[in-house]
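Student: Just dropping this structure here.
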Amino acid sequence: MTETLELQAKATRGPTRRFEQRKTAIVASAVEVLNRKGVRGMTLGEVAASLNLVPTGVIYYFKNKEDLAAACFLKGVEGFSQFLAAGETGAGARERLTRFFDAYLDYRRRMALAEVEPLTTFNDVRALNSAAVNAAYVDMFRRARGLLDGRETAALTRLELNARTHMLLSEIFWAPVWLHRHDPEDYGRVTQRLLSITADGLAATGAAWNPRPLPNLIPEPPEGGEISSELFLRAATELINEEGYLGASVEKISARLNVTKGAFYHHNETKDELVEACFERTIEVMRRAIRQAELVTTDGLQTLATVAAALVEYQMSGNAPLLRTSALTSAPEALQPKLVAKFDRISDRFASLISDGIADGSLRPIDTNIGAQVITAAINAAAELRHWAAAVTPAQAVNLYVRPLFEGLLSPPVR
């Protein structure tokens, strides 16, 4: 009887301190791999090797990599909770945003100096589709929405607040893409400039909001006959956006188009060739939008608004998706430098257009490089707007999502 009670006590006893320390170390190591390779690219073996463990040493704490990935994302949400808590101490929306930005970018500064552990990136969170992670992420979104809910934004509807909150988080999640271009001691300066653009927008006071339509941005694929290469690009782009590079298998791409694997290889020599073509197509669409907008607009604001509106509408339409740059996380590492360089050139082009707008008076005098990254982030994140503002049509998104990008998240709504 005594032995039975001892066994029961041991079974119900909480985890030891050593157990928790090792588990925390595994999660910290996994965050680095997850950020670099995504959910499907991360392996228990690689995580174990970074800690001089065998894979079974990780399985003792996490039965599979999905459980480990979930722990990484929950750790990321926990980290963001600290930044949100700092923001929540502000008296109004502007002060809350200021404190939130200060807390987040100061942590990033300390990360750059290797003083704190890396934060989890959420690029691949939907590919995991964990109920616990999804619930925690939704709660994080609601808290972020609370930062914008104040006197300055009292007239906004819940739908409008959701769209602006998605914009806010998208800008924050995009920051690691370009922050490395700045020295850590300059992060305070970067914080002020990013906050200014996010809260007050890019447009000069009183500048006219008049984006032009670009009806011929993406030509429709030919109807009938043999399936086109464009349709393969669209199907692959959709799957990569949903499940990452590794999740978008040849079988899944073929199944989405209801064709055989033989048909796939008739149009594409390898999957990597198709993935690279998807990135090339997205970059070319963005270039085309810029070229077309410059032909029909008269100032910097109108040009940039036209480009952003057209690309966001296409992102949301579902007919011609653009590849989310978060897909770079799980793309083959050999491809990443070349693709990143091409996306950087698009951002540099946006910076040039901002300079034009500042010169002609249609845009505020802002940091052109940071402003370009803000625009890139907003376009990139538009594909997921439907998850937070399901009732918004592509046309409505121009006023609810694109316009606040240029006029500021704290600007009043336009009825």
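The values are calculated or read from the model by the stated rules, or taken from the named source; none is laboratory data. Please read all numbers here as calculations on a predicted model, not as lab measurements. Here the Cβ is made from the backbone with ideal geometry for all residues, glycine too, and neighbour counts use every protein chain on show. These accessible areas exclude ligands, DNA and RNA; they are computed on the full protein's heavy atoms, side chains included. Shrake-Rupley method; radii C 1.70, N 1.55, O 1.52, S 1.80 Å.
Student: So is Asp149 of a type outside the set (A, V, I, L, M, F, W, C) and under 30 Å from Ile346 (Cα atoms) or not? Give the steps one after another, and end with the answer.
Tutor: Working: of a type outside the set (A, V, I, L, M, F, W, C): yes; under 30 Å from Ile346 (Cα atoms): no.
So Asp149 does not fit the description; no.
Student: Right, next: Search segment 21-74 for residues being open to solvent by 60 Å² or more (accessible area, probe 1.4 Å) and under 21 Å from the mean Cα position of the chain (by Cα), and hand back the single one that is modelled with the highest pLDDT.
Tutor: The extreme case among them is Leu74.
Student: If you go through segment 82-105 one residue at a time, how many are in a helix (DSSP H, G or I) and among the hydroxyl-bearing types (Ser, Thr, Tyr)?
Tutor: Step one: filter segment 82-105 for residues in a helix (DSSP H, G or I), giving 82-87, 93-105.
After this cut, where a residue has to be among the hydroxyl-bearing types (Ser, Thr, Tyr) as well, the list is 98, 104.
Residues flagged as in a helix (DSSP H, G or I) and among the hydroxyl-bearing types (Ser, Thr, Tyr) within segment 82-105 amount to 2.
Student: Identify all residues within segment 298-332 that are of a type in the set (S, T, N, Q), at pLDDT 90 or above and outside any helix (DSSP H, G or I); write none if there are none.
Tutor: Keep residues of segment 298-332 that are of a type in the set (S, T, N, Q), which gives 298, 302-303, 306, 315, 317, 319, 325-326, 329-330.
Now restrict to residues that are at pLDDT 90 or above: 298, 302-303, 306.
Selection gives Thr298 alone.
Student: OK, next. Of all residues in segment 75-98, how many are touching a helix residue (DSSP H, G or I) at 6+ places or on another chain (Cβ under 6 Å) and closer than 29 Å to Ser29 by Cα?
Tutor: 7
Student: Any idea which of Ala93, Ala144 is aliphatic (A, V, I, L, M), closer than 24 Å to Gly408 by Cα and under 16 Å from the mean Cα position of the chain (by Cα)?
Tutor: Answer to the check: Ala144.
Student: Considering only residues that are farther than 27 Å from Asp344 by Cβ and either of a type in the set (Gly, Ala, Ser) or part of a loop (DSSP other than H, G, I, E, B) (or both), which ones fall in segment 380-411? I'd like the intermediate steps shown before the answer.
Tutor: Going through segment 380-411, the residues farther than 27 Å from Asp344 by Cβ turn out to be 386-396, 399-400, 410-411.
Listed by number, the residues that qualify are Trp388, Ala389, Ala390, Ala391, Val392, Thr393, Ala395, Leu410, Ser411.
Student: Please pick out the residue among Asn258, Asn210 that is modelled with pLDDT of 85 or more and either open to solvent by 80 Å² or more (accessible area, probe 1.4 Å) or of a type in the set (Ser, Thr, Tyr) (or both). Write out each step before concluding.
Tutor: Values: Asn258 fails: modelled with pLDDT of 85 or more.
Unique residue meeting the criteria: Asn210.
Student: While we're on this one: Consider Thr393 against the criteria (1) at pLDDT 95 or above; (2) out of contact with any helix residue (DSSP H, G or I) (no Cβ under 6 Å at 6 or more places or on another chain): it satisfies all of them except one. Which criterion is unmet?
Tutor: (1)
Residues checked against (1) open to solvent by 10 Å² or more (accessible area, probe 1.4 Å); (2) in contact with a Cys (Cβ under 8 Å, 6 or more places away or on another chain); (3) farther than 27 Å from Leu195 by Cβ:
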{"position": "Asp299", "(1), (2), (3)": "yes, no, no"}
{"position": "Ala309", "(1), (2), (3)": "no, no, no"}
{"position": "Pro337", "(1), (2), (3)": "yes, no, yes"}
{"position": "Ile354", "(1), (2), (3)": "no, no, no"}
{"position": "Ala372", "(1), (2), (3)": "no, no, no"}
{"position": "Arg403", "(1), (2), (3)": "yes, no, no"}
{"position": "Leu410", "(1), (2), (3)": "yes, no, no"}
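Student: While we're on this one: Suppose the filter is open to solvent by less than 80 Å² (accessible area, probe 1.4 Å) and either more than 30 Å from Ala308 (Cβ to Cβ) or more than 27 Å from the chain's Cα centre (by Cα) (or both); does Asn268 pass it?
Tutor: When the stated conditions are applied, Asn268 passes them.
Student: What number of residues within segment 233-267 are in a loop (DSSP other than H, G, I, E, B) and touching a residue at least 24 places away in the same chain (Cβ under 8 Å)?
Tutor: The first filter runs over segment 233-267 and keeps only residues in a loop (DSSP other than H, G, I, E, B), leaving 248-249, 257-260.
So of that shortlist, the ones also touching a residue at least 24 places away in the same chain (Cβ under 8 Å) come out as 248, 257, 259.
Residues meeting the conditions: 3.
Student: While we're on this one: Looking at segment 160-196, which of the residues that are in contact (Cβ under 8 Å) with a residue 12 or more places away in the chain and outside any helix (DSSP H, G or I) is farthest from Ser347 (Cα to Cα)?
Tutor: Across segment 160-196, the extreme among qualifying residues is His180.
Student: Could you please tell me which pairs satisfy a Cβ distance under 7 Å, a separation of 6+ or placement on different chains, a first residue in segment 142-159 that is part of a loop (DSSP other than H, G, I, E, B), and a second residue that is open to solvent by 60 Å² or more (accessible area, probe 1.4 Å)?
Tutor: Partner pairs satisfying both residue conditions: Ala155/Pro412.
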